[in-house]
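First the structure, in the form of structure tokens, and then the observations on it.
What follows is calculated from the coordinates using simple rules that are stated; it is not laboratory data. Because the structure is predicted, anything quoted here is derived from the model rather than measured. Cβ: placed from backbone, ideal geometry, glycine included. Neighbour counts: every protein chain shown.
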Amino acid sequence: MRITIVRRIAQGFFFALFLWFCICATQGQSFWRLRGWPVNWFLQLDPLVALSTALTTKTLYAGLIWAVATIGLTAVLGRFFCGWVCPFGALHHLFGWIGSHARTVREKIALNQYNKNQRIKYYVLLALLVPTFAGSFLKLDGVASSTLLGGFLDPIPLLYRSINFLILPLADSSAHFVFAAQRHYDLAWLTALVFFSAILLNLAIPRFYCRFVCPLGALFGLIGRYSLWRIGKKEAECSRCGICSARCEGACDPQGSIRISECLLCMNCLDTCKDNLPGYSTSRSAGGEIVSPDLSKRGFVTTALCAAAAVPLLRLDGRLGKNYDAALIRPPGSLAEPDFLDRCLRCGQCARVCPTNVIEPDGFRDGIEGLWTPRLNMRAGTSGCQKNCTLCGHICPTAAIRPLSLDEKLGLGKFRKAGPIRIGTAFVDRGRCLPWAMNKPCIVCQENCPVSPKAIYVKESYALVRDGVLEVANVSGTTVSVVKPALKAHHFDTGDYFLSLVAGGVSEKRRILSNSKDSFTLESALSQDRASAPGGKFLLLIRLQAPVVDPERCVGCGVCEHECPVSGQRAIRVSAEGESRSRKHSLLLD
Amino acid sequence: MRERPLWAVTDNQSLTTVFTMDRRDFLIRLAKAGAMVGGAAAMGLILHDPKGPSAPATPPPTRLPDFSVGQAGQKIAIVTGSDRIKTVDAAIEALGGMGSFVKKADRVLIKVNAAFASPPSLCATTNPVLLAEVVRLCFLAGAASVAVTDNPINDPESCFSLTGIGEAAKSAGAELILPSESLFTNITAPGSTLIRDWPVFTGPIEKATKLIGIAPVKDHHRSGASMAMKNWYGFMGGRRNIFHQNIHTFIKDLAVMIKPTLVILDGTSSMVSNGPTGGSISDLKETDTMIASTDQVAADSAGALLLGKTPKDLPYILKAQQAGVGTSDFESLHPIRISTG
């Protein structure tokens with residue numbers, strides 16, 4: 001079998017495997033649900049994820065150790081990941097092939113010559129890595145030292161994000177094979193713009209993203225410089241027909257001095273050369289090699305300095321301090337904001353796995369650094385943050401969201417003293433709440449509060465209905481007739497209305513069972529003597545239960561906000577005060 | 001005299017090609033232009049809407065099917081005991097056996113309460129063991145199919161899986177119907193001032209020939225108690241929470257709209273506080289009672305006692321009675337009382 005066929009099979013296999021992991025990341029009992037499938041495996045293989053989180057956190061979290069294998073293999077074999085494993089690379093490969101289909105061999109050869117702009121990806125890599133540690137050298141007051149920006153352009157998080165936030169929700173919207181209900185994610189336009197631009201640019205230049213943008217490819221280029229096996233010509237002299245470049249994926253000039261750091265190991269040159277000159281072996285190319293990427297000192301220094309300045313620049317807005325966004329509710333178990341930003345890859349796995357679709361990508365409201373990071377939107381999704389669920393922390397590949405046990409989340413067992421994990425606190429907006437603002441019974445929030453005892457309790461009161469002071473004509477038994485017939489028939493028979501007689505300094509209340517235009521039927525009779533006493537006033541009252549939040553009990557799950565019948569801006573909303581992850585955002589003394 | 005060129009067109013072959021007036025060419029163009037004009041005029045006339053959109057129309061009142069079995073009459077059985085399988089078996093048997101409700105080839109729909117994503121031990125939802133037993137009885141009576149459904153408050157998939165209802169239904173051979181938009185129709189209920197042009201979970205209802213409601217007995221702050229009649233809330237879609245403003249009338253309207261074959265009210269462990277979500281074992285009280293009835297008002301009236309309430313404390317019970325749904329004086333139905341020990 002030809003080596004290129006083996007490569008295609010590998011690409012197809014890894015791409016299918018990647019898709020399979022994307023589909024599997026749903027909680028459930030079937031074998032194709034989250035049943036131990038290593039759904040993060042591609043993220044864990046990604047050495048840029050490992051390197052950048054290692055730089056920000058000085059640790060290598062759990063499965064990220066897989067990256068060591070990738071680095072090791074790359075050091076020995078070269079950029080095998082790009083040509084054989086990378087699922088995003090497989091997509092680029094496919095679309096580049098489609099785009100080149102109608103081109104003549106001459107055009108293909110011209111298109112696949114090394115382009116000086118391929119160095120850009122090394123600058124991209126530099127720009128994404130420098131902010132992970134630059135702050136440690138700059139003593140900056142009030143701006144944290146590092147941030148993880150790799151996820152923006154690292155192909156693996158980018159592809160996970162595009163599948164999670166875009167492709168799966170669209171593809172599944174009529175079949176409902178993966179999700180029971182339609183998933184909604186904010187910022188779809190930007191996710192789509194990035195993803196489809198990357199894909200469609202292949203039609204202009206094959207492997208556009210891989211050649212010019214991909215920071216992971218750049219990293220592999222650096223790691224693979226000294227690889228033991230490499231592509232090269234067996235003899236220095238050849239016909240210089242250039243046919244080996246016709247299908248060269250990396251644009252690494254195999255016909256002349258091959259650029260090792262650009263070679264993706266697509267092996268196409270082995271296939272196309274009539275004289276069978278290119279080979280993959282341990283010897284260096286007879287045609288010469290260019291091992292290092294052609295970076296200029298000036299470009300390197302400029303990029304590094306600009307990137308170093310980015311961290312303090314991004315944080316001049318003070319969002320990590322007093323100016324924090326109180327509407328930014330992070331998933332339960334999320335680290336304090338600076339630590340969170342040190343780890344979050346923007347891969348969207350937490351939002352993908354969330355059973356209620358309450359986690360969605362943040363837009364521009366929290367600056368560039370907030371882009372695509374998870375935030376809880378209580379209005380969206382099927383029901384706030386589910387009490388008995390800790391999936392987001394368990395899927396997070398970098399522990400930006402800690403994997404909580406259910407006991408820790410709920411504050412049970414040995415976590416009883418620490419109390420439950422709070423993601424915020426609900427606040428009643430008394431200007432919008434039906435009982436508080438409009439004398440209408442409701443307490444849907446209280447009903448749905450999942451905490452026991454409930455974090456929402458009610459203040460009971462009897463409020464005077466508008467024009468509710470009545471002059472009474474006659475009282476007989478349970479029937480009360482009023483003088484001015486201005487009643488809407490049956491309006492007061494909801495079970496929430498009461499008639500109160502105030503006489504002689506005491507009041508008596510009776511529930512109204514029904515009413516006509518000029519009389520009420522009460523649940524039981526008023527004491528006759530008091531009812532007929534002169535100067536007696538009758539008050540038409542409505543019994544109200546108004547919700548009050550107990551901040552000691554509220555965990556900020558947002559089920560109340562989700563269920564609040566005031567459907568626009570909810571009358572009860574969760575904001576970040578009281579969240580466990582930040583002592584600075586404490587609300588209560590204890 | 002040279003003919004004057006009438007117009008010039010550029011094309012790929014030569015820079016300028018000059019056409020001259022020619023009858024054939026003119027007639028062809030005349031036909032094409034005529035077709036264009038005629039087509040535009042025809043489309044315009046076809047699509048022309050002089051009035052514009054009218055105000056949204058309320059759908060005409062729709063009566064949902066009546067699932068009650070006429071000859072069964074108003075009956076109620078109140079069975080005490082802590083084993084749900086034993087008590088429900090005894091209760092159904094006392095009402096004449098499942099065979100008197102479910103006939104051969106019936107398609108039975110069971111409306112459970114799966115409102116919350118909480119484990120069965122907290123009794124906030126229909127008990128899965130009880131459900132499986134009722135499904136078994138239905139099949140035993142000859143049912144062609146049994147479907148289990150609810151439109152829960154929390155995430156539907158999580159609700160059905162965490163409550164154990166999904167697994168219980170499937171292993172007993174019943175079909176699980178999760179809510180999806182296509183299964184809802186906007187309905188105006190006859191006689192209701194509240195259920196107007198509102199999405200109702202009609203999909204499973206339309207397919208069924210018999211309807212059984214299985215609900216737990218629970219404390220409910222707004223309405224007083226959540227039992228058999230309140231369980232029909234789960235047939236509503238949309239932002240149904242606005243009905244809490246007039247909850248008693250609404251529950252009455254639901255009871256008028258839904259005419260079940262049978263309701264089963266599970267008061268084995270009643271949620272006496274922190275309802276209807278509960279969340280802790282301490283919110284429960286062992287009241288060891290299973291109620292089955294063809295009269296949902298009677299069932300709820302008997303259930304109210306388990307929560308230390310009387311039908312008078314629950315305005316929706318009196319309203320439903322007044323609307324002719326059933327009787328709050330369940331003793332008048334001569335309840336069959338059994339103890340399974």
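Phi-derived couplings, Karplus 6.51 cos²θ - 1.76 cosθ + 1.60 at θ = phi - 60°, listed residue by residue for segment A:430-442: 5, x, 10, 5, 4, x, 5, 9, 10, 6, 10, x, 7 Hz, with x used for Gly and Pro. In this rough spin-label picture, where each label sits 7 Å from Cα along the Cβ direction, the B:His48-A:Leu406 distance is 6.8 nm.
Note on chain B: dipole from Cβ charges, positive end direction compared against B:Thr185, B:Ile264, B:Phe116; the farthest Cα belongs to B:Thr185. Residues B:Phe101, A:Phe492 in ascending order of nearby Cβ atoms (within 10 Å, fewest first): A:Phe492, B:Phe101. Put the Cα centre of segment A:214-246 next to the Cα centre of segment B:115-145 and the gap is 66 Å.
Counting only DSSP beta bridges with both residues in segment B:70-339, the antiparallel share comes to about 45 percent. Computing FRET efficiency as 1/(1 + (r/R0)^6) for B:Ala55 and A:Val76, where r is the C-beta to C-beta distance and R0 is 56 Å, gives about 0.15. Report the one residue of A:Leu587, B:Val148, B:Leu30 whose Cα lies farthest in the direction of the positive end of the charge dipole of the protein assembly as shown (charges on C-beta: Lys and Arg +1, Asp and Glu -1; origin at the Cα centre). Sorting the options by dipole projection puts first B:Leu30. Taking every DSSP bridge with both residues inside the protein assembly as shown, close to 70 percent are antiparallel. Partners of B:Lys252 within straight-line reach, counting aspartates and glutamates whose Cα lies under 13 Å from its Cα and excluding those fewer than 8 residues away in the same chain: A:Asp493, B:Asp300.
Label point 7 Å out from B:Glu93 along Cα-to-Cβ: which residues of segment B:130-160 have amide N under 19 Å? Residues B:130-142 fall inside that zone. Helix A:297-314 versus the longest principal axis of chain A: what is the Cα-based angle in degrees, 0 to 90, to the nearest 10? Result, in degrees: 10. To the nearest 10 degrees, how steep is helix A:66-77 against the longest Cα principal axis of chain A, on a 0 to 90 scale? Once rounded, the angle reads 20 degrees. All other residues whose Cβ lies under 12 angstrom from that of B:Gly166 are scored, Lys and Arg at +1 and Asp and Glu at -1, for a net of -3. Shape verdict for chain A, please, from the Cα gyration tensor: rounded (a/c under 1.5), prolate (a/b greater than b/c) or oblate. Taking the square roots of the gyration eigenvalues as a ≥ b ≥ c, chain A is prolate. Here segment A:124-254 is treated with +1 on each Lys and Arg Cβ and -1 on each Asp and Glu Cβ, and its dipole about the Cα centre works out to around 360 debye. Separation of segment B:235-266 and segment A:273-335, taken as the distance between their Cα centroids, equals 59 angstrom.
Each Lys and Arg adds +1 at its Cβ and each Asp and Glu adds -1 at its Cβ; summed about the Cα centre, segment B:70-339 shows a dipole of about 480 debye.
Put in order of Cβ neighbour count within 10 Å, fewest first, the listed residues A:Trp436, A:Trp372, A:Trp84, A:Trp189 become A:Trp189, A:Trp436, A:Trp84, A:Trp372. In a reduced charge model with +1 at each Lys and Arg Cβ and -1 at each Asp and Glu Cβ, segment A:257-403 shows a dipole moment near 380 debye about its Cα centre. Placing dummy labels 7 Å off each Cα toward the beta-carbon, the span from A:Asp317 to A:Leu589 is 3.6 nm. Rounded to the nearest 10 degrees, the inclination of helix A:188-204 to the longest alpha-carbon principal axis of chain A is 20 degrees.
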